[in-house]
Amino acid sequence: MAAGTTEEVGQGKEPEAGRSSRGTRKERAGLTGGLEVQRFFLAKTGGSNGVPEFSKEVPAEPEAMVESLKTGLSYFVVSEWRGVADFSGKNPQLGREAVRSAPKTG
């Protein structure tokens, strides 16, 4: 079951004021503590035809970056969303809702 904030799609985004030059990571509305749930995977060696293939999941982005540097493989950041619609007004509003999915172990 999804539980979290709903975000409208297609709304204009304003540039972030006072942005640090340290990084470009964006925080997004979603679940856990106001952030979307993200999962991190290393790519399989010899991926085929531009189709993403995941090998192993790592717990966080810093670990994914280190493993990527060690192995020379790229890594993927995955988040899961469900489309939602609000028909309460004159014009239907489309949006998305973060989906809670626990990381699989093993």
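Numbers below:
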| item | result |
| --- | --- |
| Spin-label model distance (nm) - L69 vs K44, 7 Å beyond Cα toward Cβ | 2.8 nm |
| Rounded D (µm²/s) - segment 28-98, Kirkwood Rh over Cα pairs, Stokes-Einstein at 25 °C, 0.890 mPa s | 171 µm²/s |
| Dipole magnitude of segment 28-98 about its Cα centre (Cβ charges: Lys, Arg +1; Asp, Glu -1), debye to nearest 20 | 140 debye |
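Bear in mind that the values in this text are calculations on the coordinates, not laboratory data. These numbers were taken from a predicted model, which means no experiment stands behind them. Positions of Cβ are backbone-derived with ideal geometry, glycine not excepted, and every protein chain shown enters the neighbour counts.
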